[in-house]
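The values are calculated or read from the model by the stated rules, or taken from the named source; none is laboratory data. All figures in this text were calculated on a predicted structure; none of them were measured in a lab. Here Cβ is always computed from backbone atoms with ideal geometry, including for glycine, and neighbour counts include all displayed protein chains.
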Amino acid sequence: MWVKIFTQPEQAFARLQEGKPQLLRIGNDSITLVRKGKHFFAVNDACTHNKESLSKGIVNFKDEIVCPWHNYCFDLRTGREVQERSADLRTYALRLNEEGLWIEVPD
Ligand code: FES
């Protein structure tokens, strides 16, 4: 199902700092939300290596999120760990329109 997380597009741009991961909890899902310029990304928050919260990580210039514990890097578009050292992260579809920013989560 689609869940609205910001009620206006301007709000999404204002509230999400460029390149600063933000933790989002919807139901049982913990999600890391990232804005890079005009693009938004959402991945599962728990690192697939040892479950560290990726919302505490950093985003590099290649649009990868870097885990703060052992520095594994995950492509924000695909969820793939760039050196294939651990499983891929789950990614979430996002939709930005005049009504706001939406995320697709399991029913
Ligand atoms: S817990 Fe994320 S790299 Fe080890």
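Taking ALA42 and the conditions (1) of a type outside the set (S, T, N, Q); (2) part of a strand (DSSP E or B); (3) at positive phi, which numbered condition does it fall short on, given that it satisfies the others?
The failed condition is (3).
Test SER86 against the stated conditions and say whether it is within 21 Å of MET1 (Cα to Cα), within 16 Å of the ligand (Cβ to nearest atom) and modelled with pLDDT of 95 or more.
no
What number of residues in segment 71-107 are out of contact with any Phe, Trp or Tyr (no Cβ under 8 Å at 6 or more places or on another chain) and touching a residue at least 60 places away in the same chain (Cβ under 8 Å)?
Going through segment 71-107 one residue at a time, the tally reaches 6.
Quick one: count up the residues across segment 14-32 that are touching a strand residue (DSSP E or B) at 6+ places or on another chain (Cβ under 7 Å) and either within 12 Å of SER53 (Cα to Cα) or part of a helix (DSSP H, G or I) (or both).
Count: 8.
Taking the conditions exactly as written (surrounded by 14 or more Cβ atoms within 10 Å (Cβ to Cβ), modelled with pLDDT of 95 or more and more than 15 Å from the chain's Cα centre (by Cα)), does TRP69 satisfy them or not?
yes
Kindly evaluate ARG77 against the criterion of being within 12 Å of the ligand (Cβ to nearest atom) and either assigned to a loop (DSSP other than H, G, I, E, B) or more than 15 Å from the chain's Cα centre (by Cα) (or both).
no
Just give me the residues in segment 80-107 being among the hydroxyl-bearing types (Ser, Thr, Tyr) and assigned to a loop (DSSP other than H, G, I, E, B), in sequence order.
Of everything in segment 80-107, those that are among the hydroxyl-bearing types (Ser, Thr, Tyr) and assigned to a loop (DSSP other than H, G, I, E, B) turn out to be SER86, TYR92.
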